[in-house]
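Engineer: Let me begin by handing over the structure; questions about it come next.
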Number of protein chains: 2
Amino acid sequence: MLMNTETTLKTTDVRENILATGQRIMAGKGFSAVGLNEILATAGVPKGSFYHYFGSKDAFGEALLDHYFEHYLAELDEMLRQPNKTMAERLISYWQKWEENQSFFDCQGKCLAVKLGAEVADLSETMRLALKRGTKGIIDRLAQAIEAGTADGSLSIKGSAHDNAESLYQLWLGASVMVKIGRTTHPFEIAMKTTRQILHLSA
Amino acid sequence: MLMNTETTLKTTDVRENILATGQRIMAGKGFSAVGLNEILATAGVPKGSFYHYFGSKDAFGEALLDHYFEHYLAELDEMLRQPNKTMAERLISYWQKWEENQSFFDCQGKCLAVKLGAEVADLSETMRLALKRGTKGIIDRLAQAIEAGTADGSLSIKGSAHDNAESLYQLWLGASVMVKIGRTTHPFEIAMKTTRQILHLSA
DNA sequence: GTTTGTATTAGACCGGTCGTCTAGAAACGA
DNA sequence: TCGTTTCTAGACGACCGGTCTAATACAAAC
């Protein structure tokens with residue numbers, strides 16, 4: 001069957017709607033604590049439709065993560081392409097954005113790697129692999145940016161660019177968990193200080 | 001009714017048993033994904049007994065975390081009191097132990113701060129506060145150790161001891177999440193390198 | 001040995017879980 | 001127009017969730 005444009009649009013809209021709603025809810029409550037019912041009721045989609053678009057809750061989780069990282073990486077790419085800035089400045093603006101998005105007051109942070117990482121990695125192999133793909137994408141881009149930063153002279157590091165990228169990502173991941181636990185953004189300030197130290201930027 | 005010693009022992013044993021079993025299972029599957037049934041069946045305690053020892057699943061979670069951190073902090077204290085070692089060596093041995101305990105092959109890591117932090121912080125206020133108390137205990141001890149390390153000359157830092165302690169804890173927390181996601185201990189090697197760099201230890 | 005009172009347990013309870021399934025509506029091609 | 005496929009609708013089943021009440025087990029007191 002060939003669908004016309006309208007149908008195609010509507011169909012992907014429903015799917016997208018379930019995905020977006022699920023992302024919002026699960027970013028707050030986690031994976032296991034949320035039932036399909038809640039997502040579907042909120043999205044205004046009947047239960048019967050769900051299994052047309054997704055094979056299972058597990059498969060839905062995988063799609064959710066892929067969908068999330070796709071947008072995330074696109075935004076990150078844009079961030080690291082900002083004109084009239086040094087690579088170091090671009091990187092710092094990425095972490096500033098992290099601070100804003102992950103702060104607890106606006107619906108308790110939106111980063112799915114932070115929220116679902118530890119919970120889901122031991123629970124579902126497919127979701128674990130989606131998480132792995134996504135975080136690899138982030139770290140690879142950071143590594144490339146750090147490499148470029150050493151080239152344009154705006155930062156300097158000890159050891160390889162990739163190792164530093166991993167380390168910095170770990171640092172911010174952990175900081176995000178601590179922000180959730182403490183309900184203060186102070187961990188982010190600490191992480192930013194350490195980040196500048198590692199990249200040898202002016203304090 | 002006055003209980004004799006035997007009864008008292010048995011009672012606390014049952015409680016301890018539920019706690020220990022719950023810790024083992026939840027360290028693997030998380031909080032929401034585990035039902036009381038599973039814990040109680042594994043522990044060999046009848047379902048009806050649960051509410052004699054704990055007020056609710058939430059209260060159980062709080063007790064679980066308190067119980068866990070109590071042991072954790074005692075072990076940490078011991079670690080940081082090892083004789084014939086510099087403070088820097090004691091700290092490094094703590095993180096080496098972290099690597100061992102949190103590596104994925106032995107029942108997927110045992111650190112509850114890692115496993116439950118992000119999941120539970122937005123779910124239950126009492127559990128969040130237990131997590132906050134516990135992690136504060138860890139960071140305070142690390143800060144004190146770092147302070148002592150600068151005094152005995154075995155390490156040196158930039159900025160305050162407490163800030164460095166927070167940063168290092170964040171780093172290792174994030175590294176543990178990445179270990180879960182990637183099923184490699186490589187993040188720990190990276191974290192160790194960065195740790196040595198921050199504390200100005202020989203590579 | 002019976003009574004008393006508490007520590008502990010068994011199991012019912014209701015609501016929610018994921019996932020299935022049947023029917024029908026809607027959108028297309030011929 | 002019809003026939004076919006895509007999508008929607010929501011009842012349904014089997015099961016599991018946390019919670020609570022009513023009954024038991026059992027030590028102490030008399």
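Engineer: Sort B:54-65, B:13-24 for me by packing, meaning the mean count of neighbouring Cβ atoms within 10 Å per residue, highest on top.
Structural biologist: On the way: B:54-65: 18.9, B:13-24: 17.2.
Ranked from most to least packed, the peptides come out as B:54-65, B:13-24.
Engineer: Around residue B:155, under 11 Å between beta carbons, what's the net of Lys plus Arg minus Asp minus Glu among the other residues?
Structural biologist: On the way: positive: B:90, B:196; negative: B:89, B:147, B:152.
Once positives and negatives cancel, what remains is -1.
Engineer: Show that you can apply the helix-only estimate: for chain A, add -39,500 (n - 2.57) for every DSSP H stretch of four or more residues, divide by all residues, and state [θ] at 222 nm to the nearest 500. Intermediate results must be reported in sequence, preceding the final value.
Structural biologist: Working: 9 runs with 151 residues, N = 203.
That comes out to -25000 deg cm²/dmol.
Engineer: Taking each label point as 7 Å beyond Cα in the direction of the beta carbon, state the distances from residue A:152 to the same residue in the other copies, shortest first, in nm.
Structural biologist: Inter-copy label distances (nm, one decimal, shortest first): 4.5.
Engineer: Have a look at A:184, A:157, A:131 and report the one farthest towards the positive end of the charge dipole of chain A, computed about the Cα centre with Cβ charges (Lys/Arg +1, Asp/Glu -1).
Structural biologist: Value computed over the given set: A:184.
Engineer: Between the helical axis of B:87-102 and the dominant principal axis of chain B, each derived from Cα atoms, what acute angle in degrees is found, rounded to the nearest 10?
Structural biologist: 40
Engineer: May I ask which of A:158/B:132; A:158/B:97; A:29/B:47; A:180/B:115; A:97/B:29; A:29/B:180 have a Cα-Cα span longer than 23 Å here?
Structural biologist: On the way: A:158/B:132 33 Å; A:158/B:97 26 Å; A:29/B:47 26 Å; A:180/B:115 13 Å; A:97/B:29 31 Å; A:29/B:180 20 Å.
Violating the 23 Å Cα-Cα cut-off are A:158/B:132; A:158/B:97; A:29/B:47; A:97/B:29.
Engineer: Sticking with this structure for a sec: Any idea what the relative contact order of region B:17-168 is, in percent, if you count C-alpha pairs under 8 Å spaced at least 6 apart? Don't skip to the answer; put the middle values down first.
Structural biologist: Details: 139 pairs, mean separation 38.8, N = 152.
Computed over region B:17-168, the figure is 26 percent.
Engineer: Here's a follow-up. Using only the Cα atoms, work out Rg/Rh for chain B, with Rh taken as the Kirkwood radius, to two decimals. Show your work: numbers first, answer last.
Structural biologist: Values: Rg = 19.0 Å, Rh = 18.5 Å.
Rg/Rh for chain B comes to 1.03.
Engineer: Just how many % of Cα pairs in region B:70-136 lie over 15 Å apart, if you round to the nearest whole percent? Intermediate values should be presented prior to the final figure.
Structural biologist: Details: 1349 of 2211 pairs.
The calculated P(r) of region B:70-136 puts 61 percent of pairs beyond 15 Å.
Engineer: I need the P(r) histogram for region B:43-88: all alpha carbon pairs, bin width 10 Å from 0 out to the longest distance, whole percents.
Structural biologist: Computed distribution, short to long bins: 23, 31, 21, 15, 10, 0.
Engineer: Label-to-label distances across copies for residue B:52, with labels 7 Å out along Cα→Cβ, in nm, shortest first?
Structural biologist: Values, ascending and in nm: 5.3.
Engineer: Which whole number in µm²/s is D for the protein assembly as shown by Stokes-Einstein, with the Kirkwood Rh taken over Cα pairs at 20 °C and 1.002 mPa s? Don't jump to the answer; show the numbers that get you there.
Structural biologist: On the way: Rh = 22.7 Å.
The estimated diffusion coefficient comes to 94 µm²/s.
None of the figures in this text is laboratory data; all of them are computed from the coordinates on show. Note that the structure is a prediction, hence the values are computed from the model and not measured. Note: ideal-geometry Cβ built from the backbone for every residue, glycine included; neighbour counts use all protein chains shown.
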